[in-house]
Amino acid sequence: MAFSFAAWEHGHRAVLVGLDPDPAALARARRRADIEWAEGTAASARWDTAFDLATMTGHAFQCLVTDTELSASLAAVHTALRSGGRFAFETRHPQARAWEGWNPSAASDVVDAAGRALRLWHETESVIGDVVTFTGTTAAADGTVLRVDRTRLRFLDEAVLDAFLADAGFVVETRCGDWDGGPVTGTSREIITIARRR
């Protein structure tokens, strides 16, 4: 959603649509009436050749854990794009093994929109193949646990990722390994992709 806000603020005046499966997140986002908001997932969306660009941000692509989820989402994005349209997204590079640093000793202190001091941390439960299961804990500043969420993420390497994209009718146009536009290397922590609809 932040991406939609930024696009508008930088002068993009075509139709902007934000899609999110979380009703609470959408309720906050709908304070911006200049962007169309829809509840759902990429796979459930029913747009046909409507857009020049589709994006997934915040490593949301990794929430597509099964082959079925991934293929259905890519097919829906492909259908939603006009011929030659682009799909831009990022995923954590598995070689960086980010999950090894997900433990309470790496907790971060933040202040939420209501001004509350919070402490956040993650704990890895399991790594099975390319799927990592972990919990995310939100606690008050004194350590009182307020919420625990359990999540599964898929860490795809470039070869597997590109096979899914090709099967869905995309060709990789740009690939970067960091947010400065550098190439993917043996130390890259990200796989940032712009794929074009064939």
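The values are calculated or read from the model by the stated rules, or taken from the named source; none is laboratory data. None of these values were measured; they are calculated from a predicted model. Using ideal geometry, Cβ is built from the backbone for each residue, glycine included, and neighbour counts are taken over all protein chains shown. Side chains are part of the model used for accessible areas, which takes the heavy atoms of the whole protein and leaves out ligands, DNA and RNA. Shrake-Rupley method; radii C 1.70, N 1.55, O 1.52, S 1.80 Å.
A few remarks follow.
- From phi via Karplus (6.51, -1.76, 1.60), per-residue ³J(HN,Hα) for the range 103-110 in Hz, x at Gly/Pro: 7, x, 5, 9, 4, 10, 9, 9
- Values of log10 I(q)/I(0), in the order q = 0.19, 0.22, 0.30 Å⁻¹, for the range 135-182 under a Debye, Cα-only, solvent-free model: -0.75, -0.84, -1.09
- At least 27 Å along the helix axis (C-alpha) and Kyte average at least -0.5, DSSP helices within the chain: none
- Dividing the radius of gyration of the alpha carbons in the chain by their Kirkwood radius gives 0.97 for Rg/Rh.
- Note that the range 142-153 has calculated 3J(HN,Hα) couplings of 7, x, 5, 6, 9, 6, 10, 10, 9, 9, 10, 10 Hz, one per residue in order, obtained from phi through the Karplus relation 6.51 cos²θ - 1.76 cosθ + 1.60 (θ = phi - 60°); glycine and proline are x.
- Residues in the range 1-148 average 56 Å² of solvent-accessible surface per residue, probe 1.4 Å, ligands and nucleic acids excluded.
- Rounded accessible area of L19 (nearest 10 Å², 1.4 Å probe): 60 Å²
- C-alpha center-to-center spacing [the range 36-65, the range 141-198] in angstrom: 15 Å
- Antiparallel beta bridges, as assigned by DSSP with both residues in the chain, represent about 80 percent of the total such bridges.
- In whole angstrom, the range 18-118 maps to an equivalent ellipsoid with semi-axes of 28, 22, 11, each derived as √(5λ) from the alpha carbon gyration tensor and ordered largest first.
- Counting charges near G85 (Lys, Arg +1; Asp, Glu -1) among other residues having Cβ under 14 Å from its Cβ returns a value of +2.
- Entry note, the chain: relative contact order of 18 percent, from Cα contacts under 8 Å with a spacing of 6+ residues.
- Based on alpha-carbon atoms, the Kirkwood radius and the radius of gyration of the range 105-155 give Rg/Rh equal to 1.07.
- R116 paired with R30, simple spin-label distance in nm, labels 7 Å along Cα-to-beta-carbon: 2.2 nm
- Carbon and sulfur %, accessible surface of the chain computed with the full protein complex present, 1.4 Å: 53 percent
- Three-way shape label, the range 83-198, alpha-carbon gyration tensor, a/c 1.5: prolate
- GNM flexibility winner over the chain from E100, E123, E39 (Cα, springs under 10 Å): E100
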